[in-house]
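A quick write-up on the structure given underneath.
The values are calculated or read from the model by the stated rules, or taken from the named source; none is laboratory data. Owing to the predicted nature of the structure, the values given are computational and were not obtained by experimental measurement. Reconstructed Cβ throughout: ideal geometry from the backbone, glycine too, with neighbour counts over all protein chains shown. Heads up: the accessible areas ignore ligands, DNA and RNA and are worked out on the full protein's heavy atoms, side chains in. Shrake-Rupley method; radii C 1.70, N 1.55, O 1.52, S 1.80 Å.
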Amino acid sequence: MPLPLQVKLLRVLQEKEIRAIGSTQTIPVDVRIISATHRNLEDAIKIGAFREDLYYRLNVVSFALPSLAERREDIPVLAAYFLAQLADKYKKPLNGFASEAMEILVKSSWPGNVRELYNVVEQAVALSTTPIIPPALVENAIRGQTAELSSFEAARSEFDANISPNS
C-alpha cells in the first residue's frame, strides 16, 4: 500500500470519518478492518515502506497461518472438498483421487499454497475422463503450474493415454 494511502487509512481509523472527493462535509463511519499479507510488516517498517502507527492500529489480533507444505495432513481434506465442488461445477461424476494421485498431492511443495492446490484439482477435474482422478492428470497439473503449455500432439497423446478402455 503506498505511503500516502496509509496516511489516509490511518486518519479514517483514528477520526472515524471520511470525506468524499470534492465534498466539504465529513461522513461518520464505524468500520472494522480484516487484513492479510504475506509480507513481513516489521521489516517493511524498518525500511520505511509501512507506517509503524498504522501497523499498531491494525495489529489488534494477529495469527500466522502455516503454509500448506507445513500442514500436509490438510491436503487430502482440501483436495476432496475442492473435488466435490468442482465435480458439481463441471457436472462430472467423479468419486475421488487414485491413491497414487493423492500421494503426489501430499508430497508436492505447494509454493502457491491453497490456491495452487485448487488450480491443480480444477485442471484434473476438467480433464478427467474417468470417475477416479488418475496420477498422470495430477502430475501434469502440478508440472503445468510452472511449465509452458504442451504441444497439441503431446496434449492429445496424454489425453488418449488417460482415456479408460471402458469409457
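Numbers for the structure displayed
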{"read-out": "Estimated vicinal HN-Hα couplings, Hz - the stretch 117-122 in sequence order (Karplus 6.51, -1.76, 1.60; Gly, Pro = x)", "value": "4, 4, 5, 5, 5, 4"}
{"read-out": "Karplus-derived 3J(HN,Hα), 6.51/-1.76/1.60, for each residue of the stretch 31-36, Hz, glycine and proline x", "value": "10, 10, 10, 10, 9, 9"}
{"read-out": "Burial ranking of peptide ranges 93-99, 18-24, 132-138, 64-70 (average Cβ count within 10 Å, highest at the top)", "value": "132-138, 93-99, 64-70, 18-24"}
{"read-out": "Cα convex hull of the stretch 1-131 - mean projected area over all directions, nm²", "value": "12.1 nm²"}
{"read-out": "Dimensionless Rg over Rh [the stretch 78-142; C-alpha; Kirkwood]", "value": "0.92"}
{"read-out": "Accessible area per residue, Å², the stretch 6-125 with all protein chains present, probe 1.4 Å", "value": "72 Å²"}
{"read-out": "Helix axis angle, 152-162 relative to the chain longest principal axis, alpha carbon, degrees", "value": "70 degrees"}
{"read-out": "Built amide H within the under 5 Å cut-off of residue 96, gap 5+", "value": "133"}
{"read-out": "Contour minus Cα-Cα distance for residue 109 and residue 44 (0.36 nm per residue)", "value": "20.7 nm"}
{"read-out": "Helix axis angle, 75-89 relative to the chain longest principal axis, alpha carbon, degrees", "value": "80 degrees"}
